[in-house]
Amino acid sequence: MLLALFLVAMLAAVALLPVRQWLTVALMWTESHRYLAWILFIGMYLAATVLVVPGTILTLAAGFAFGVPVGAMLVSAGSLAGASAAFLVGRFLARDWVAGRVAQWRTFDALDKAAGQEGFVIVLLTRLSPLFPFNLLNYAFGLTAVRFRDYVLASWIGMAPAIVLYVYIGSAVQSATELAEGEFDAGFGGTVLFAAGLIATLVLTIFITRKATRTLAQHLEEPAAQAEKRPV
């Protein structure tokens, strides 16, 4: 109950506080404290993930502030650390609370059974598929029999395409003001480069996610089909 109230309070704070203004100030500070900013960014992303706060704006900001290679590395580290922390919370500290949240998620039973047999594959496919909510999965997988090391490795690989995509989008932004206001005008040359890279990344992401969704659907349909064949 306390955990639920805490999460609600944090979400309300994010909605009501001047997050965009703070983001602008933070990005300006980053320019003069780059290495310390790396550590703080990872910690911020970890906290946002655990608190079920959408990390899209942070991912875009990483691309703008640090560039694609470093930004992708920092987002990957922060999101993986947050996903791992949420997994451990779901498995050891708030198991009953998480179970209550996923009780109405009809797909979870099949997901739970599949994860017990092929944990690495199932985690990887759900990370690649857009049909499964990232934040909820972090806690939900803590209830399954998937091994922690398989969860971490599969999550790291599966989150990589989306991370690179959004970091690249953020890297095309011209100023902190544009990032805070959601205005992404990089000029003609920048637009051409941005469009080419975006199209290439989108093609790769769409190809992977479609294949992942089809394969995942087969895994989830198998338990249901087997149940139907059992004699009553």
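No lab work stands behind these numbers, since they all come straight from the coordinates. All of these numbers come straight from a predicted model, not from anything done at the bench. Cβ: placed from backbone, ideal geometry, glycine included. Neighbour counts: every protein chain shown.
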- Based on the mean of other beta carbon atoms within 10 Å per residue, what is the order of 52-58, 69-75, most packed first? 69-75, 52-58
- Note on the structure: Karplus-derived 3J(HN,Hα) from phi for the stretch 143-148 (6.51 cos²θ - 1.76 cosθ + 1.60, θ = phi - 60°), whole Hz, x at Gly and Pro, runs 7, 8, 8, 4, 6, 4
- Note on the structure: Output row, site Ile199, 7 Å Cα→C-beta label point, backbone N cut-off 12 Å, window the stretch 127-155, residues none
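Quick one: length gained pulling Gln117 to Arg95 fully straight, 0.36 nm per residue minus the C-alpha distance?
Numbers: separation 22, 0.36 × 22 = 7.92 nm, distance 2.09 nm.
5.8 nm is the gain from fully extending Gln117 to Arg95.
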